[in-house]
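> Below is a structure I'd like to ask you about.
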Amino acid sequence: DLCVSGSIDATTRVWDVRMGKCLSVKQGHTDEVLDVCFDSSGTNFVSASADGTARVYSTRTGACLDTYVGHDGEISKVSFNPQGTSVITASSDKTCRIWDVASSQSTGVYNGGQDSPTVASSGEGGKCAQVLEGHMDEIFSCAFNYEGDHIITGSKDNTCRIWKAK
């Protein structure tokens with residue numbers, strides 16, 4: 001049984017819950033990690049950072065599959081759709097972005113958990129499939145519905161919005 005954590009030291013850690021042992025430490029963010037999430041199968045996980053990026057990792061190999069760049073503020077929330085093919089990021093820039101995980105490909109090498117982002121990342125080029133704009137303040141919450149075709153967002157503007165995923 002695994003869990004993943006994000007930290008103020010800009011790292012993401014994968015833990016073996018039964019043994020209470022850290023299995024790997026992921027580096028690459030330049031500011032604190034604010035949220036982490038496994039996909040529904042546990043195959044991949046994603047991290048969201050105050051540096052304005054999100055990173056998708058393979059749980060099995062530890063390789064960074066992609067880095068999502070495009071927000072103009074910190075990313076406070078991240079989530080996979082139920083199919084594991086899309087990631088949504090919520091940001092202080094008042095937008096959410098939907099990223100195509102299927103376009104991510106690992107070109108990196110895993111070196112026992114201490115991989116360098118310059119070695120393990122396929123680059124900053126994840127495909128942004130959709131930008132959700134309309135909130136008047138920071139978005140702090142986002143989630144896909146169980147079918148993955150709608151998204152709900154919550155903002156500091158005291159509204160929730162429901163969006164159709166393209």
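The values are calculated or read from the model by the stated rules, or taken from the named source; none is laboratory data. Computed from a prediction, not measured in an experiment: that's the story for all the values here. Quick reminder, even Gly has a Cβ in these numbers, built from the backbone with ideal geometry, and neighbours come from all protein chains shown. These area figures cover heavy atoms from the full protein model, side chains too; ligands, DNA and RNA do not enter into them. Shrake-Rupley method; radii C 1.70, N 1.55, O 1.52, S 1.80 Å.
> Residues Lys94, Lys77: which one is open to solvent by 30 Å² or more (accessible area, probe 1.4 Å), in contact with a Cys (Cβ under 6 Å, 6 or more places away or on another chain) and closer than 18 Å to Gln130 by Cβ?
Exactly one of Lys94, Lys77 is open to solvent by 30 Å² or more (accessible area, probe 1.4 Å), in contact with a Cys (Cβ under 6 Å, 6 or more places away or on another chain) and closer than 18 Å to Gln130 by Cβ, namely Lys77.
> Mind counting the residues in the stretch 14-29 that are in a loop (DSSP other than H, G, I, E, B) and not hydrophobic (A, V, I, L, M, F, W, C)?
Adding up the residues that qualify gives 5.
> Residues being surrounded by fewer than 24 Cβ atoms within 10 Å (Cβ to Cβ) and either over 13 Å from the mean Cα position of the chain (by Cα) or under 17 Å from Leu2 (Cβ atoms) (or both): count how many of those fall in the stretch 46-62.
Within the stretch 46-62, residues that are surrounded by fewer than 24 Cβ atoms within 10 Å (Cβ to Cβ) and either over 13 Å from the mean Cα position of the chain (by Cα) or under 17 Å from Leu2 (Cβ atoms) (or both) number 5.
> How many residues, within the stretch 143-166, are on the phi > 0 side of the Ramachandran plot and within 20 Å of the chain's Cα centre (by Cα)?
1
> Kindly provide the set of residues from the stretch 17-41 that are open to solvent by less than 30 Å² (accessible area, probe 1.4 Å) and either over 20 Å from Ser141 (Cα atoms) or among the hydrophobic types (A, V, I, L, M, F, W, C) (or both), ordered by number.
Answer for the stretch 17-41, where residues must be open to solvent by less than 30 Å² (accessible area, probe 1.4 Å) and either over 20 Å from Ser141 (Cα atoms) or among the hydrophobic types (A, V, I, L, M, F, W, C) (or both): Ser24, Val25, Lys26, Gly28, His29, Val33.
> Scan the stretch 1-16 residue by residue and report those that are open to solvent by 30 Å² or more (accessible area, probe 1.4 Å), of a type in the set (Gly, Ala, Ser) and more than 19 Å from Ile88 (Cα to Cα).
Once the filter is applied, which keeps residues that are open to solvent by 30 Å² or more (accessible area, probe 1.4 Å), of a type in the set (Gly, Ala, Ser) and more than 19 Å from Ile88 (Cα to Cα), the stretch 1-16 yields only Ser7.
> Give just the number: which of (1) within 23 Å of Arg97 (Cα to Cα); (2) among the charged types (D, E, K, R); (3) open to solvent by 20 Å² or more (accessible area, probe 1.4 Å); (4) in a strand (DSSP E or B) does Asp66 not satisfy?
Result: Asp66 passes all but (3).
> Return the residues of the stretch 105-133 that are modelled with pLDDT of 55 or more, touching a strand residue (DSSP E or B) at 6+ places or on another chain (Cβ under 6 Å) and assigned to a loop (DSSP other than H, G, I, E, B); say none if nothing qualifies.
Gly126
> Continuing with the same structure: I'd like the residue in the stretch 139-155 that is touching a strand residue (DSSP E or B) at 6+ places or on another chain (Cβ under 9 Å) and hydroxyl-bearing (Ser, Thr, Tyr) and, out of all such residues, is surrounded by the fewest Cβ atoms within 10 Å (Cβ to Cβ).
Checking each candidate, the answer is Ser141.
> Any residue that is over 18 Å from Leu2 (Cα atoms), of a type in the set (Gly, Ala, Ser) and either touching a residue at least 24 places away in the same chain (Cβ under 8 Å) or in a loop (DSSP other than H, G, I, E, B) (or both) - is there at least one of those in the stretch 30-44?
No, every residue in the stretch 30-44 fails to be over 18 Å from Leu2 (Cα atoms), of a type in the set (Gly, Ala, Ser) and either touching a residue at least 24 places away in the same chain (Cβ under 8 Å) or in a loop (DSSP other than H, G, I, E, B) (or both).
> Go through Asp93, Asp100 for me and flag whichever is charged (D, E, K, R) and at pLDDT below 95.
Criteria check complete, one pass: Asp100.
> Name the one entry in Ser92, Ser79 that is more than 10 Å from the chain's Cα centre (by Cα) and within 24 Å of Asp157 (Cβ to Cβ).
Ser92
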